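Colleague: Pasting in a structure now, in structure tokens, and then I'll have a few things to ask.
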Amino acid sequence: MSKMKALVCRECGKEYPTKAIHVCEMCFGPLEVKYNYDEIKKTISRKKIEDGPRSMWRYIDLLPVEGTNFVGPHAGFTPLVRAKNLGAYLGLDELYIKNDTVNHPTLSFKDRVVAVALTRARELGFETVACASTGNLANSVAAHAASANLHCYVFIPGDLEAAKVLGNLIYKPHVVEIEGNYDDVNRLCSEIAAEHGWAFVNINIRPYYAEGSKTLAFETVEQLGWKTPDQVVIPMASGSLLTKIWKGLHEMKALGLIDAVHTKINGAQAEGCSPISTAFKAGRDFFKPVKPQTIAKSLAIGNPADGYYALKATAESHGSMDMVTDAEVVEGIQLLAQTEGIFAETAGGVTIGVLKKLVKQGVIKKDEVTVAYVTGNGLKTQEAVIDSVGRPVRIQPSLVAFEKTFKMGKNGGGDA
Amino acid sequence: MIKVRIPTPLRPLTKGQGEVETKAGSVVEMIEMLNSAHPGIKDRLCDETGELRRFVNIYVNEEDIRFLKGKDTSLKDGDEVSIVPAIAGG
């Protein structure tokens, strides 16, 4: 029996076959994969997972694919870094960074969702894949499509960082730059998807794609020694990642892999695009779309599709949400780099900035085991920090010049 | 005439047409007129209280009506309307 039972509407519960569809015909609600948990429960175990591959595919029993002909076989299982320096700085005893800046192959958490999406797209017989993207998703789709010999179209907003544009072109997909923001790109792609028989990973493949994010929850729990963290801080764009981490934790409990979920889920946004955090702080369960204006471009979604569910998950977990200014984003990137040696992109700066705020507010307490999700690599958003990192010290190639510049004493040390 | 682009989930109601025309003066009137021509459309777009469902996005000339006047956004000859289900991001 297949582990996937059906696609089911999150709003009205209507069921559909496990094909390339994403919207309920009756109420427009998003479709989600429904699993045969009874069947999965018979074989899944900590031991079986631990014996699996050192990639996110060790959790294949909870991922929506039929076979093992993977696109992206190396995605996931990134380091969970014990952040002693940053923890000491913030006043936390046990802080971890889930470090997806080193995900394979394109250095962001999107490699997880794309590996699932393209594996499933190929199973469904598609030869062309596409996506609407704020950058990281496009990079990942383009790279995976190249390796899987799939035709590829990526659609991006016109104002992306240079490295994210180049990070598409190098794989030679069709790169379409839209004169507008991500929400414009998304709307257009939704219309294109209706006319072409392509696998749009975040549109008609979305029910499968989004499930890949659960692996961030699975890995965190396994890497903590099969324990759930007390607090997590998650960056929010569409709100899908946060929603799926919450779902992943509950699946592990439902399958007996852990005893209980007591994790508080906290969402992070940049002030210039914070429709979800703003709604949370106002005590609303719905959000108002905004026109994004922030350097955190990977999170610049003004009309977040999963905003409603992100608000719900955060409330259910008794977590919180907050937002930070662009200056705090840059500060967050530098703080993480200078304490832990991890260079995150702007979304990581948002996460660290909000983590700092939540500790200060007393929302996250000293003795709570805390995990911050750092989901993308700083080399892709160099524009954000280039003016605040200083310049190298330039000298003639002579010992005298060096000694003079650094005023070295006999025992070393000194400074420029 | 106002062009309305119909998303895939609603096409069974428009006999497969991806685009229909209307003469409505506002979004709310457009929904009523579409419903007369293609019975059932209103129930798909609106909940029991008549409000637009949470996951329905409507755009007039590429602008989300939530940045305009919502359901009361006016329509005029030559306008283009898109009805789009919410989609995920990144």
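Colleague: Which of A:T278, B:T73, A:T370 comes first, and how do the rest follow, when ranked by fewest Cβ neighbours within 10 Å? Numbers along the way, then the final one.
Modeller: Numbers: A:T278 17, B:T73 21, A:T370 28.
Result, fewest neighbours first: A:T278, B:T73, A:T370.
Colleague: Calculate I(q)/I(0) for region A:154-289 by the Debye formula, one identical point scatterer on each C-alpha and no solvent, and give its log10 at q = 0.10, 0.14, 0.19 Å⁻¹ to two decimals.
Modeller: -0.47, -0.86, -1.20
Colleague: Enter the mean number of other protein chain beta carbons within 10 Å of the beta carbon of each residue in B:53-60, as an integer.
Modeller: Details: counts 6, 8, 11, 4, 8, 0, 4, 0.
Counting Cβ atoms of other protein chains within 10 Å of each residue's Cβ and averaging gives 5.
Colleague: Could you compute the net charge surrounding A:V369? Neighbours are other residues with a C-beta less than 14 Å from the C-beta of A:V369; K and R count +1, D and E count -1.
Modeller: Values: positive: A:R82, A:K84, A:K98, A:K227, A:K264, A:K365, A:K366; negative: A:D93, A:E94, A:D230, A:D367, A:E368.
Net charge in that neighbourhood comes out at +2.
Colleague: Taking neighbour Cβ counts within 10 Å as the exposure measure, how do B:I65, B:I41, A:I352 sort from fewest upward?
Modeller: Working: B:I65 17, B:I41 21, A:I352 33.
Listed from fewest to most nearby Cβ atoms, that is B:I65, B:I41, A:I352.
Colleague: Sticking with this structure for a sec: Does anyone have the angle between helix A:110-123 and the longest principal axis of chain A? Alpha-carbon axes, 0 to 90°, nearest 10?
Modeller: 30 degrees
Colleague: Sum -39500 (n - 2.57) across every DSSP H segment of at least 4 residues in chain A, then divide by the residue count to get the 222 nm mean residue ellipticity, nearest 500.
Modeller: Details: 15 runs with 151 residues, N = 416.
The helix contribution divided over chain A gives -10500 deg cm²/dmol.
Colleague: So, one more: For the Cα atoms of chain A, what angle does the longest principal axis make with the long axis of helix A:182-195, in degrees from 0 to 90, nearest 10?
Modeller: 30 degrees
Colleague: Take chain A, connect every pair of alpha-carbon atoms lying under 10 Å apart with a spring to form a Gaussian network, then pick out the residue of A:A148, A:A279, A:A194 with the largest mean-square fluctuation.
Modeller: A:A194
Colleague: Is any residue of region B:6-42 close enough, with backbone N under 17 Å, to a label point placed 7 angstrom from the Cα of B:S74 along the Cα-Cβ axis, and if so, which?
Modeller: Only B:23-30 pass the distance filter.
Colleague: Which length gain, in nm to one decimal place, applies between A:A327 and A:E123 when the Cα-Cα distance is subtracted from 0.36 nm times their residue separation?
Modeller: Values: separation 204, 0.36 × 204 = 73.44 nm, distance 4.47 nm.
Extending this stretch completely gives an extra 69.0 nm.
Colleague: Among the trypsin sites (Lys or Arg not before Pro) within region A:45-77, which fall in a DSSP loop and have no more than 12 other Cβ atoms within 10 Å of their own Cβ?
Modeller: Working: sites: A:R46, A:K47, A:K48, A:R54, A:R58; in loops: A:R54.
Within region A:45-77, the qualifying trypsin sites (Lys or Arg not before Pro) (loop, at most 12 other Cβ atoms within 10 Å) are A:R54.
Colleague: Find how much the distance from A:T68 to A:C12 grows on full extension, using 0.36 nm per residue of separation minus their present alpha carbon separation; answer in nm with one decimal. It would help to have the intermediate numbers written out before the result.
Modeller: Details: separation 56, 0.36 × 56 = 20.16 nm, distance 3.22 nm.
Contour length minus Cα-Cα distance gives 16.9 nm.
Colleague: So, in nm, how far is label A:K312 from label B:N61 when the simple model puts each one 7 Å beyond its Cα toward the Cβ?
Modeller: 3.6 nm
Colleague: Follow-up. At what distance in angstrom do the alpha carbon centres of region A:256-270 and region A:273-327 lie from each other?
Modeller: A separation of 17 Å, based on Cα centres.
Colleague: What's the angle, to the nearest 10 degrees (0 to 90), between helix A:136-147's Cα axis and the longest principal axis of chain A?
Modeller: 70 degrees
Colleague: Could you work out the mean count of beta carbons from other protein chains within 10 Å of each residue's beta carbon in A:182-193? Mind showing how you got there, number by number?
Modeller: Working: counts 2, 4, 4, 1, 6, 8, 3, 2, 10, 8, 0, 3.
That works out to 4 on average.
Colleague: Same structure, new question: With a 10 Å cut-off between alpha carbons and a GNM built on chain A, which of A:V201, A:V23, A:V371 moves the most?
Modeller: Of A:V201, A:V23, A:V371, the Gaussian network model singles out A:V23 as fluctuating most.
Colleague: To the nearest µm²/s, what D does Stokes-Einstein give for chain B at 37 °C and 0.692 mPa s, using the Kirkwood radius over alpha carbon pairs as Rh?
Modeller: Working: Rh = 13.1 Å.
Estimated via Stokes-Einstein, D reaches 251 µm²/s.
Colleague: Obtain the nm distance between the two label points defined at A:A162 and A:E195 by a simple spin-label model: each point lies 7 Å from its Cα along the Cα-to-C-beta direction.
Modeller: Placing both labels 7 Å along Cα→Cβ, they lie 3.4 nm apart.
Colleague: Right, here's the next one. Once you have the Cα-Cα distance between A:K365 and A:H262, take 0.36 nm times their residue separation minus that, and quote the gain in nm to one decimal. Can you show the working numbers first?
Modeller: On the way: separation 103, 0.36 × 103 = 37.08 nm, distance 1.45 nm.
35.6 nm is the gain from fully extending A:K365 to A:H262.
Colleague: Now a separate question. Averaged across orientations, what area in nm² does the convex hull of the alpha carbons in chain A project?
Modeller: Working: hull surface 89.6 nm².
The directionally averaged projection comes out at 22.4 nm².
Colleague: Could you calculate the FRET efficiency of B:K23 with A:T405 from 1/(1 + (r/R0)^6), where r is the beta carbon distance between them and R0 is 60 Å, rounded to 0.05?
Modeller: Details: r = 77 Å, r/R0 = 1.29.
Between B:K23 and A:T405 the formula returns 0.20.
Colleague: If you rank A:H196, B:H38, A:H144 by fewest surrounding Cβ atoms within 10 Å, what's the result? Before the final figure, lay out each step's value.
Modeller: On the way: A:H196 10, B:H38 19, A:H144 27.
Ascending number of Cβ neighbours within 10 Å: A:H196, B:H38, A:H144.
Colleague: If contacts are Cα pairs under 8 angstrom and at least 6 residues apart, what is the relative contact order of region A:288-407 in percent? Mind dumping the intermediate values first?
Modeller: On the way: 115 pairs, mean separation 24.2, N = 120.
Reported relative contact order: 20 percent.
Colleague: Whole angstrom only: what separates the Cα centroid of region A:108-186 from the Cα centroid of region A:379-394?
Modeller: Between the Cα centre of region A:108-186 and that of region A:379-394, the gap is 27 Å.
Colleague: Looking at region A:257-298, which chymotrypsin sites (Phe, Trp or Tyr not before Pro) are DSSP coil and have at most 11 other C-beta atoms within 10 Å of their C-beta?
Modeller: Numbers: sites: A:F280, A:F286, A:F287; in loops: A:F286, A:F287.
Passing sites in region A:257-298 are A:F286.
Taken together, the values in this text are just the output of simple stated rules run on the coordinates, not laboratory data. It should be emphasised that the depicted structure is a prediction, and the values quoted were computed from it without experimental measurement. Here the Cβ is made from the backbone with ideal geometry for all residues, glycine too, and neighbour counts use every protein chain on show.
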